[in-house]
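The values are calculated or read from the model by the stated rules, or taken from the named source; none is laboratory data. Predicted model, so just to flag it, every value in this text is computed and none were measured. All Cβ positions, even for glycine, are placed from backbone atoms using ideal geometry, and neighbour counts span all protein chains on display. In case anyone asks, the SASA skips ligands and DNA or RNA and just uses the protein heavy atoms, side chains included. Shrake-Rupley method; radii C 1.70, N 1.55, O 1.52, S 1.80 Å.
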Amino acid sequence: QVQLVESGGGLVQPGGSLRLSCAASGFTFNSYVMSWVRQAPGKGLEWVSDINHDSAITKSADSVKGRFAISRDNIKKTIYLQMNNLKPEGTALYYCARVFREYYDGTYYARVDYWGQGTQVTVSS
C-alpha cells in the first residue's frame, strides 16, 4: 500500500525556518516525481515544488522561489522541504504528493495519484 507520511510542521515566527519531511513506502520511490502541495485556510490547493526521480530537476512556485528548497533521499525514501524566511501567507496544510506521469498520442500528462495526511505550518508572531 502506498503511504506518505508528512512531519515537521509547527508554529514559527515570520522570518523563521522549518524543515518538512515526508516518509514514503509501498512503491518504487526512485521511479517517481514527488511534489509538495499546500492548502491555506479557506483556499484551494497550491502547488509549491517538485523534484524528479534522481534530484536532477527541481521546480518551485514563484511565491516560494529563493526561500524554499525541495530535496530527496532515495535511500531513506524521504523527501524534504526546507522553508526559510517564512511569511504569514505560508500558513497552510502542507501535503507530500506522488506524481503519476503518462504519455498519450504524443502528449504528456501528469497528475497526483497519492498524497499524505498533511502537516500543519502556522507562521505567526
Looking at the range 86-106, can you tell me whether even one residue there is of a type outside the set (A, V, I, L, M), part of a loop (DSSP other than H, G, I, E, B) and touching a residue at least 24 places away in the same chain (Cβ under 8 Å)? yes
Residue list for the range 93-125, filter: within 17 Å of Ser21 (Cβ to Cβ), open to solvent by 40 Å² or more (accessible area, probe 1.4 Å) and either modelled with pLDDT under 95 or not hydroxyl-bearing (Ser, Thr, Tyr) (or both): Leu93, Trp115, Gln117, Gln120
Within the range 13-63, which residues are among the aromatic types (Phe, Trp, Tyr), assigned to a strand (DSSP E or B) and touching a residue at least 40 places away in the same chain (Cβ under 8 Å)? Trp36
